[in-house]
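Okay, so here's the structure we're looking at.
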Amino acid sequence: MLRIAICDNEANTRSYLSSLIRKQDCSCEITEYASAGDCLENSQKIDLFFLDISLDPRSCAPNGITLAKELRERKPETLPVIIFVTGYDQYVFDAFDVNAFQYLLKPIDEQKFTEVFARAVKYIETFIHSEPAVRTLSLQYANVNRIIPLEQIYYVESNNHKVVLHLTNGEFTCYAKIGDLEGELQGQFFRIHKGYLVNLAFIESYKKTEAVLTTGEKLLISKYKYRDFVKAYLLFLKKESGL
């Protein structure tokens with residue numbers, strides 16, 4: 001269910017936008033606001049905003065821009081999609097200053113609206129509503145197949161012809177080669193020693209001879225692995241931060 005808010009001081013514009021939205025092939029919930037104040041008070045879970053740039057008919061000030069800035073500041077973690085609806089094309093560049101998705105000029109062209117709306121919905125579904133895939137490791141032991149989310153594995157320890165997975169909820173032992181797991185888990189795990197394959201997400205700190213996990217446990221780092229480990233760990237942190 002897509003949650004949409006329309007904020008415009010003109011009732012006929014709000015009504016027209018609502019009718020255009022309902023014509024689209026999209027399940028949605030529409031809320032209308034006549035002022036910026038009402039919108040700010042009741043817009044906690046909105047995915048898509050249609051904002052009039054000049055909300056006050058008695059003023060030429062682009063109040064919709066100010067509203068958009070406040071919405072951005074209040075919701076930095078979600079960054080809702082904002083589409084401006086305006087009869088004043090001189091404010092177009094101001095719209096992009098607040099990372100508006102698009103703007104529509106009044107009178108609103110229905111075909112243009114349909115195109116912009118479809119792109120906005122696709123963006124929301126791809127970047128806002130989508131859940132990141134959970135990576136897992138599938139292992140078999142004693143005819144039992146076990147699927148373990150990588151986020152539950154602190155590290156893998158080699159033990160003769162077996163491996164011991166040290167998990168957030170205990171341990172799991174199975175017949176496997178740590179070298180094979182190293183290839184399968186590359187990117188999030190790094191083999192810091194011939195006997196240890198560690199989840200980089202659980203590294204608390206490190207020095208040349210050891211890595212300290214968030215659990216407080218210390219694992220040896222091979223002197224031959226240290227330089228590559230640092231590179232892999234820094235690359236992992238960069239990817240996790242989205243830089």
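Given the chain, what percent of its DSSP beta bridges are antiparallel, to the nearest 5?
On the way: 32 of 52 bridges.
Once the DSSP bridges in the chain are tallied, antiparallel ones form about 60 percent.
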Can you list the lysines whose alpha carbon sits under 20 Å from that of residue 23, skipping same-chain ones fewer than 8 residues off? 106, 112, 122
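How high is the relative contact order of the chain, in percent, with contacts defined as C-alpha pairs under 8 Å that are six or more residues apart?
Numbers: 349 pairs, mean separation 23.5, N = 243.
Contact order relative to length: 10 percent.
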Using DSSP to call loops (not H, G, I, E or B), can you name the trypsin sites (Lys or Arg not before Pro) in the stretch 154-243 whose Cβ has at most 14 other Cβ atoms within 10 angstrom? 177, 194, 208, 223
For a quick check: sort 84, 127 by the number of other beta carbons within 10 angstrom, fewest at the front. 127, 84
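For 134, 230, 85, 121, what ranking results if the residue with the fewest other Cβ atoms within 10 Å of its Cβ goes first? Show your work: numbers first, answer last.
On the way: 134 8, 230 14, 85 24, 121 20.
Listed from fewest to most nearby Cβ atoms, that is 134, 230, 121, 85.
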Give the long-range amide H neighbours of residue 108: residues separated by 5 or more places, or on another chain, with amide H under 5 Å away, using H modelled in the peptide plane at 1.01 Å from N. none
Mind sorting out which of (i) 0.99; (ii) 1.32; (iii) 1.48 is the real Cα Rg over 2.2 N^0.38 Å computed from the coordinates? (iii)
Given +1 on the Cβ of Lys and Arg, -1 on the Cβ of Asp and Glu, and no further charges, what dipole in debye does the stretch 136-241 carry about its Cα centre, rounded to the nearest 20? 460
Once amide H atoms are built 1.01 Å from N in the peptide plane, which residues 5 or more positions from residue 103, or in another chain, come under 5 Å H to H? 84
What is the angle, in °, between the Cα long axis of helix 11-22 and the longest principal axis of the Cα atoms in the chain? Nearest 10 is fine, range 0 to 90. 40
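Kindly provide the trypsin sites (Lys or Arg not before Pro) of the stretch 1-31 that DSSP labels as loop, not H, G, I, E or B, and whose Cβ sees at most 12 other Cβ atoms within 10 Å.
On the way: sites: 3, 14, 22, 23; in loops: 23.
Listed in order of number, the matching sites are 23.
Taken together, the values in this text are just the output of simple stated rules run on the coordinates, not laboratory data. Just so it is clear, the model here is predicted, and its values are computed rather than measured. Quick reminder, even Gly has a Cβ in these numbers, built from the backbone with ideal geometry, and neighbours come from all protein chains shown.
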